Amino acid sequence: MLLHISDSKTVEDLQDHFNKCFPYLKIEFYKEADNHLKACDKSNLVSHYTFIGEIRKNAYSGTLDIKSWDKTSKVKKDFKDIFGLTIQVFRLHKGEWIPTTYSDDLTLKQQYELSKELVQ
Amino acid sequence: MIILLQSNRTVEQMKEDFSNAFPYLKISFFTKKQESEGALTEEVDPSAQLIEVSSVLKDGDTVVNSTDTIKEAEQKFEKQYGLPVHIFRKQNGVWMDTTITDDLTLQEQNTWGREASKPLKTKIDGHFNWNNFSLGK
């Protein structure tokens, strides 16, 4: 999928597009934190209508190419390294969204398949 | 199908070859803007020649089979020629992303696009009754 990222987009714009291409998965965005451990803390979670420009210092605009065979960890790293955005990927598991923290080595397709199996 | 990869051919000519073989699919070519393992890309100007957009281009034919999956076809272009590509499926006039269905073959995606683009068949019993038709006031 091709995800165009710029300061004028909202968090929801990016979430919707991602979710359309990867059903059963979602991404959440976080404010910049002092250290990595706090990075994906719930208190840093930003609302859906926040503009991307409000949550990063890096103002780079561009298109992120996300492939089904990309590892979850790579996608998170690309968001951070290229666009200065801290994100977490979540997978739908028995009706609940669970972070993929411990399964970041799986590809997005594998994450999708895991959730799909449980839904069907 | 065979796509001719020759340095003096343009991106547009390649796209046409692909569309002729798969009318409900579209291939787009991208460039890497940074060393980011293909993550950051922008679409190539269709009038650009292949030599301008690929650093590892060797003249020759690339065989893209209708039995190749979207993933295989995309990887073929990227690995062999350093040309990041993305394949889209046309459905009711809209280009759809194929990322999560990239394990389907080009032929299957093309058929999906064609079938999904067909107008819905509505069965009208007998002739249309114009007496029941009103544009309102």
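Rule-based calculations on the coordinates, nothing more; no lab input. Predicted, not measured: the structure shown is a model, and the values here were computed from it. Every residue, glycine among them, receives a Cβ derived from its backbone with ideal geometry; neighbour counts consider all protein chains shown.
Extension gain for B:Asn65 to B:Gln91 (0.36 nm times residue separation, less C-alpha to C-alpha distance): 7.2 nm.
Which whole-number percent is the relative contact order of chain A (Cα, under 8 Å, 6+ apart)?
Relative contact order here is 30 percent.
Using a 10 Å cut-off on Cβ to Cβ distances, tally the other chain neighbours for every residue of A:51-58 and report the average as a whole number.
Partner Cβ neighbours, averaged per residue: 0.
To test your reading of the geometry: what angle, between 0 and 90 degrees and rounded to tens, separates the Cα axis of helix A:108-119 from the longest principal axis of chain A? Helix A:108-119 sits roughly 50 degrees off the main axis of chain A. If R0 equals 51 Å, the separation of the Cβ atoms of B:Ser7 and A:Ser43 corresponds to a calculated FRET efficiency of about 0.40. Taking all C-alpha pairs of the stretch A:11-106, those more than 24 Å from each other amount to 15 percent. Simple spin-label estimate for A:Phe51 and A:Glu96 gives 3.7 nm between the two label positions (7 Å along the Cα-to-Cβ direction from each Cα). Computed per residue of chain A from DSSP H runs no shorter than four, each worth -39500 (n - 2.57), the mean residue ellipticity at 222 nm is -9500 deg cm²/dmol. Put a dot 7 Å past the Cα of A:Lys71, heading toward its Cβ, do the same for B:Gln80, and the two dots end up 2.8 nm apart. Per residue of peptide A:70-81, the mean number of Cβ atoms on other chains within 10 Å of the residue Cβ is 2. Other protein chain C-beta atoms within 10 Å of residue C-beta, averaged over A:44-50: 0.
With the simple model of a label 7 Å out from the Cα in the direction of the Cβ, A:Gln110 to A:Asn19 spans 2.6 nm. If you take the Cα centroid of the stretch A:59-120 and the Cα centroid of the stretch B:82-100, the two points sit 20 Å apart.
Within the stretch A:1-90, the trypsin sites (Lys or Arg not before Pro) that combine a DSSP coil assignment with at most 11 other C-beta atoms in a 10 angstrom radius are A:Lys57.
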